[in-house]
Amino acid sequence: MEKIVITPEDVYIHLKCKTREEVLSFLTGRLVEGKRVQKEYVQAILDRERQYPTGLYTGDISVAMPHADYRLVNESAIIIGVLDAPVTFRQMSDPDAEVAVSVVILLALKDPHGHTDVLKRVTDLIQEQGALKKITEAASRKDIYGIISKYF
Amino acid sequence: MKKVLVACGNGIATSTIAAVKIREACEEKKIPVAITQCKILEVPSKAEDYDLIVTTGKFQDPSIKIPIFSAISLLTGIGAKESIEKITDFLSK
């Protein structure tokens, strides 16, 4: 199975986005630039977030895990955005409830039921408040990469 | 062997995580189980072939007579232990 490699360049910090649409468009745009997804992935992510939101209340530092149609993915990738101020997402478990999200982990997966190893590691990361807090406090993408590379 | 249908928004990623967590817990407790993933939209048409439905998103359908458990805690970790126990208890009966 195709291995997913995360590099420091896949981490974006100090994002000043005010809305979830802004942060989703920004991160997906970076994947389009790198030709890792087709340009339709941007709209697919926005549509999917409306229909099935991906905000997860994980504690003081909450996360969102947007992802969309695998058929629009050229090369599997995980891209991470850290917001200067939390942005409101709707919750996966209850779209009527909101959650203030500080870290967005955007997935572009080619294999719909695969990538179990990397998904397990993403889950380990989002369940670890200490690591998430360090990510939000990190000064550089390299520092963040240092934290997440323990998981990936 | 009980059959579990794990559903999320579009049948990728989050249902994979939930399926892996359930499979690992069942292996640990030696509970035989067959797990299938699907999209939430597909649940009503597939439900009757299964013993349990687990979803990561909000899902309610009064016409479905088998139990529906939420798996959100398997993602967030908050209450995950209790959820896994509830699922493995059900599957071991």
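The values are calculated or read from the model by the stated rules, or taken from the named source; none is laboratory data. Fair warning: this is a prediction, and the values are worked out from it, not measured in the lab. Protein only, heavy atoms only, side chains kept; ligands, DNA and RNA dropped before computing areas. Shrake-Rupley method; radii C 1.70, N 1.55, O 1.52, S 1.80 Å.
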Sorted by accessible surface (1.4 Å probe, heavy atoms of the protein chains only), largest first, A:48, A:71, A:30 come out as A:71, A:30, A:48
Bridge orientation stat for chain A from DSSP, antiparallel percent rounded to 5, came to 60
For chain B, dividing by residue count, accessible area per residue (probe 1.4 Å) in Å² works out to 48
Checked chain B with the C-alpha gyration tensor, a ≥ b ≥ c its square-rooted eigenvalues, rounded below a/c of 1.5, otherwise prolate if a/b is larger than b/c and oblate if not; verdict oblate
Per the helix-only model, chain A has a calculated mean residue ellipticity at 222 nm (DSSP H runs of ≥4, -39500 (n - 2.57) each, divided over all residues, rounded to the nearest 500) of -10500 deg cm²/dmol
Chain A: relative contact order from alpha carbon pairs under 8 Å, six or more residues apart, as a whole percent, is 28
